[in-house]
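Each remark here refers to the structure printed beneath this line.
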There are 2 protein chains.
Amino acid sequence: MNKEEAIKEGLKLAGESRNAIVGSIGEDAYPNQKCMFNMESEGLKTIWFGTNTSSKRVAQFRKNPKASVYFVDFDGFRGLMLVGDMEVLEDLESKKRLWREGYEMYYPQGVTDPDYCVLRFTAKSGNFYHGLENVSFEIE
Amino acid sequence: MNKEEAIKEGLKLAGESRNAIVGSIGEDAYPNQKCMFNMESEGLKTIWFGTNTSSKRVAQFRKNPKASVYFVDFDGFRGLMLVGDMEVLEDLESKKRLWREGYEMYYPQGVTDPDYCVLRFTAKSGNFYHGLENVSFEIE
């Protein structure tokens, strides 16, 4: 598996994944992880998530934007780790972009609910594995 | 869900999980993640993994033992994050403990293969979620 194949297979896995495991750095400098819905993405470079502005993860990323995003297919022995930075966005355009029908259940005030915000992850590098093979690559 | 229920449900999820996603801190201080086999555990306090001594994860944990271990059931909307420290063990007793039939495929020199080692994770705290509920707890 060369880099081009790893990126292609990584894109395929990300596209198939309903969930991503988001890695952050906690206040005590320990790594943290949380499962989030894989909402929208642009290639492997940009991945978007919607979440609560009051959540622990948002507080962590405001203090330290360093992040990772992990997609995994346990049965197929495939995994993609992306490493990069997470931004917390509260502008209306970003919030509208990620808004989905039924979100009023979580954010009663609708798309302008101050407790609804958007996380935008920008990848710097990645690693894809399949079985015993794994390939690292930069993301331009 | 109270703390006792969260711990009980977390133990159940960990027991059912063939895999864990292990979080570490990379050299550049970014969070990293890797899927590993959930080999052996003692409650939620201690979790054991077998891996290559030459691997990137081992180098990271030797420099910075801060770790997290994540168990997830995507379909059931359940997840358990454990936060704690990872030790790299190369003593024969630990290596024998984790050795499994067929490992010669990965470690041709057998249980004493210098490229085979053991990771022992010791948890300090945890967080279990199920649906929209999530509960944090200390681990004694």
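Read the figures in this text as sums done on the coordinates, not as results from a lab. Fair warning: this is a prediction, and the values are worked out from it, not measured in the lab. Heads up, the Cβs are rebuilt from the backbone with ideal geometry, glycines too, and the neighbour counts pull from every protein chain shown.
Applying 1/(1 + (r/R0)^6) with R0 = 51 Å to the Cβ-Cβ distance of A:K124 and B:L11 gives a FRET efficiency near 0.90.
Each principal axis of the range A:28-140 carries a Cα extent, and these read 48, 32, 26 Å when sorted largest first.
Residues whose amide H lies under 5 Å from that of A:G50, counting only those 5 or more places away or on a different chain, are A:L119; hydrogens are built 1.01 Å from N in the peptide plane. For the range A:43-74, the list of chymotrypsin sites (Phe, Trp or Tyr not before Pro) that fall in a loop by DSSP and count at most 13 other C-beta atoms within 10 angstrom is empty. The mean count of C-beta atoms from other chains within 10 Å of the C-beta of residues in B:79-86, rounded to a whole number, is 3.
Inside 10 Å of the C-beta atoms of A:17-29, what's the mean count of C-beta atoms belonging to other chains?
Partner Cβ neighbours, averaged per residue: 4.
Across the range A:100-108, coupling constants 3J(HN,Hα) worked out from phi with the 6.51/-1.76/1.60 Karplus curve, θ = phi - 60°, read 10, 4, x, 5, 4, 4, 8, 10, x Hz, and Gly and Pro carry x. Coupling constants for the range A:78-92 follow from the phi torsions by the Karplus curve (6.51 cos²θ - 1.76 cosθ + 1.60, θ = phi - 60°), and in residue order they are 10, x, 10, 10, 10, 10, x, 10, 10, 9, 9, 10, 10, 6, 4 Hz; glycine and proline get x.
Show that you can apply the helix-only estimate: for chain B, add -39,500 (n - 2.57) for every DSSP H stretch of four or more residues, divide by all residues, and state [θ] at 222 nm to the nearest 500.
-6000 deg cm²/dmol
3J(HN,Hα) along the range A:93-98, derived from phi through the Karplus expression 6.51 cos²θ - 1.76 cosθ + 1.60 where θ = phi - 60°, amounts to 4, 5, 5, 5, 4, 8 Hz, with x in place of Gly and Pro. With 21 Å as the limit, the listed pairs A:K34/A:K63; A:K96/A:K124; A:K3/A:K124 have A:K96/A:K124 beyond it between alpha carbons. From least to most packed, judged by other beta carbons within 10 angstrom and beginning with the fewest, B:L11, A:L13, A:L82 follow the order B:L11, A:L13, A:L82.
Normalized C-alpha radius of gyration of the protein assembly as shown, against 2.2 N^0.38 Å?
Cα-based Rg divided by the globular estimate yields 1.01.
Taking Cα atoms only, the orientation of helix A:3-16 departs from the longest principal axis of chain A by about 40 degrees.
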